[in-house]
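Trainee: Here it is: the structure, laid out below.
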């Protein structure tokens, strides 16, 4: 899976001359938390809602508010934006982009192609489009864990048994077992009645546990 498959396209950008309060309103209206800053077609920085809020104190007196409003009217995002921006290309694997973000300690990366900002990749994109489907978040069905079933031969045997029951596999992944010797196989099945299937797996020598999903 590539970055372009899950990234957010049509990202909103703004010039570094945009006033702080205007940038804050823009993010509020659009429901975004990050605003890439582009001058003359070139990416020069990024500003987050936290950056903007930290630059806009909330005084208690009318006189103080007037003073702050005057100061803010003179400030632009250039005064608070981050100039070191993590970027990735849309055609690199998602896992590579995640590794880059983790190494830089950031939760998002701007997607740049031909020196142009074409999108943004955030942790929300990764969770909603990859992690949630794998974990079956908000999806019905049954999750079964076939202990030791993550090894090649055992996986082939287990999935062969599942296929005999004509049950659709909504997601499959392998994880290291608690014992650390063999990988376990986790299957999210599109059924609420897996008793016979589990019994067949157990009769074939597998240790299995299950959990129903009801969104």
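Read the figures in this text as sums done on the coordinates, not as results from a lab. The model shown is predicted, which means the values in this text are computed figures rather than measured ones. All Cβ positions, even for glycine, are placed from backbone atoms using ideal geometry, and neighbour counts span all protein chains on display.
Trainee: Given 25 °C and 0.890 mPa s, compute D for the chain with the Stokes-Einstein relation, Rh being the Kirkwood radius over Cα pairs; round to the nearest whole µm²/s. Before the final figure, lay out each step's value.
Mentor: Values: Rh = 20.8 Å.
Translational diffusion coefficient: 118 µm²/s.
Trainee: Any idea what log10 I(q)/I(0) is at q = 0.13, 0.17, 0.20 Å⁻¹ for region 136-213, Debye with uniform C-alpha scatterers and no solvent?
Mentor: So the normalised log intensities are -0.33, -0.57, -0.80.
Trainee: Grab the beta carbon distance between residue 140 and residue 207, set R0 = 25 Å, and tell me the FRET efficiency rounded to 0.05. Show your work: numbers first, answer last.
Mentor: Values: r = 25 Å, r/R0 = 0.99.
Given R0 = 25 Å and the Cβ-Cβ separation, E is 0.50.
Trainee: Between residue 40 and residue 102, how many nm apart are label points set 7 Å from Cα along the C-beta direction?
Mentor: Computed distance between label sites residue 40 and residue 102 equals 3.9 nm.
Trainee: Picking from 55, 171, 152, which is most flexible by a Gaussian network model of the chain using Cα springs under 10 Å?
Mentor: Largest GNM mean-square fluctuation: 152.
Trainee: Next up: Using alpha carbon centroids, what distance separates region 167-183 and region 1-31, in Å?
Mentor: Between the Cα centres of region 167-183 and region 1-31 lies a distance of 38 Å.
Trainee: For region 3-130, report the % of Cα-Cα distances exceeding 18 Å.
Mentor: Working: 4485 of 8128 pairs.
Everything past 18 Å amounts to 55 percent.
Trainee: Still on this structure, I have one more. How long is the gain from residue 132 to residue 156 if the chain were fully straight, where each residue apart is worth 0.36 nm and the alpha carbon distance is subtracted? Please list the in-between numbers first.
Mentor: Details: separation 24, 0.36 × 24 = 8.64 nm, distance 2.49 nm.
Extra length from residue 132 to residue 156 when fully extended: 6.2 nm.
Trainee: In whole angstrom, and with the biggest value first, how far do the Cα coordinates of region 87-134 range along each principal axis?
Mentor: Result, largest extent first: 33, 20, 15 Å.
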